[in-house]
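Notes follow once the structure below has been shown.
The values are calculated or read from the model by the stated rules, or taken from the named source; none is laboratory data. What you see is a predicted model; the values in this text were computed from it and never measured. With ideal geometry, Cβ positions are generated from the backbone for all residues, glycine too; neighbour counts draw on all protein chains shown. To get the accessible areas, we keep the full protein, side chains included, count just its heavy atoms, and leave off ligands, DNA and RNA. Shrake-Rupley method; radii C 1.70, N 1.55, O 1.52, S 1.80 Å.
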Amino acid sequence: MKKLFANLSICGAFFFGLQSTLAIAETNTYKWIDEKGVVHYGDRVPPEYSQQRREELNKHGMTVSVTNAPKTREQLAEDARKARIEAEERRKQEEQMTRDRVLLTSYSSDKDMETVYTGKIDAIAGIIRLTETNINLTRQSLKNDEAEVAENELSGKAISGDLRKRIASERSLIAKNQAYIDTKRKEQADLHAQFEIDLKRYRELKKLPETEENHPVKDTFVTVKENITDKSSTKNKKLVTVECSDTPSCVKAWSMAKLYIQAKANTRLQETTDIRLLTSEPTRPNAIGLSVTRIPNQKGELLQMEVLCHNSPDGEKYCLTPQVQAIRDGFKSYVEGN
């Protein structure tokens, strides 16, 4: 029995020793390089090299993992810079893809695109034309008021505070309207530039050839230097004027004018300010737009309504019809409450 226990003890010790040997043999090895470029191997990495790149090898000498050295502040900053550039490139690509989808779904042809952009520029041209008319009318009122001041000074008469205020208001209105025109002209230039970009991209997507014959920009758009204000016909755009003499009646007349153009125009109201009411330009021959402008004068204010007709022969014919003339004729009585 003692001999049996002794043999078992020997077997147990042998088995335990075998397990320990196998565990050691299965322990992975690390590989690192010191500051002199010498390669080292070991079952652990010395503390002084723990922040450097190292590889873990299995018992067959194959790399099973790699631990890179922590990046320096400069390396992290460079990574961040590259990430920002890549993110910006992705954003631009996504924007371009979205823009391409909009172009392809919005226009059936390059001629269709031309029509849309021409309509937008014509609408702005109409606004510029109206504003220039307002400036000219205000200048005339200012000229009359300044003449009155000069006459009073020559005759030794006192210049009333109301007259001085009116002159200041007229000068301010001229300056504001001129600044507004400058803004609109820039808007025209931006639209023209965007049209060039969109047209070129649309033809690329549709694989359309670039030729002189199918390039509408050269014939359709007037350059900004020409102010793009002469494209729409004006011979049928007659002004209708209503005069009011005091603040309460002028406020009421302005309110009535807004109701009138909303009821009579078949284009949507596009602009509502203290001095201008304007619908969008008509896009078909049997449609009209309307505008009303509020202009101070010596007696109070002038309200001027203008009929906007479609820029085509059929549109000009429609502008001469009794229906449109009735809209012109009815403005004064409606605003004055008659």
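Numbers below:
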item	result
Those residues of the range 18-36 which are open to solvent by less than 50 Å² (accessible area, probe 1.4 Å) and at pLDDT 50 or above, in sequence order	N28, T29, W32, D34
Members of the range 250-279 that are touching a Ser or Thr at 6+ places or on another chain (Cβ under 7 Å), open to solvent by less than 20 Å² (accessible area, probe 1.4 Å) and not hydrophobic (A, V, I, L, M, F, W, C)	R276, T279
Pairs where the first residue, in the range 79-100, is free of Cβ contacts under 8 Å to residues at least 24 places away in the same chain and the second is in a helix (DSSP H, G or I) and open to solvent by less than 100 Å² (accessible area, probe 1.4 Å), C-beta under 9 Å, 6+ apart	Q96/R201
Count - residues of the range 161-171 that are open to solvent by less than 60 Å² (accessible area, probe 1.4 Å) and either more than 25 Å from N136 (Cβ to Cβ) or charged (D, E, K, R) (or both)	3
Any hit, the range 190-205, residues being touching a helix residue (DSSP H, G or I) at 6+ places or on another chain (Cβ under 7 Å), open to solvent by 60 Å² or more (accessible area, probe 1.4 Å), over 21 Å from N136 (Cβ atoms) and touching a residue at least 12 places away in the same chain (Cβ under 8 Å)	yes
Some residue of the range 276-287 being at pLDDT 90 or above, assigned to a loop (DSSP other than H, G, I, E, B) and of a type outside the set (G, A, S)	yes
Single residue of N236, N214 found to be polar (S, T, N, Q), touching a strand residue (DSSP E or B) at 6+ places or on another chain (Cβ under 8 Å) and either part of a loop (DSSP other than H, G, I, E, B) or modelled with pLDDT of 50 or more (or both)	N236
S141 being surrounded by 14 or more Cβ atoms within 10 Å (Cβ to Cβ) and closer than 30 Å to L302 by Cβ	yes
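Conditions tested, residue by residue: (1) open to solvent by less than 70 Å² (accessible area, probe 1.4 Å); (2) modelled with pLDDT of 85 or more; (3) aromatic (F, W, Y).
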residue	(1), (2), (3)
H40	yes, yes, no
R54	yes, yes, no
N58	yes, yes, no
K71	no, no, no
A77	yes, yes, no
A80	yes, yes, no
E94	no, yes, no
L104	no, yes, no
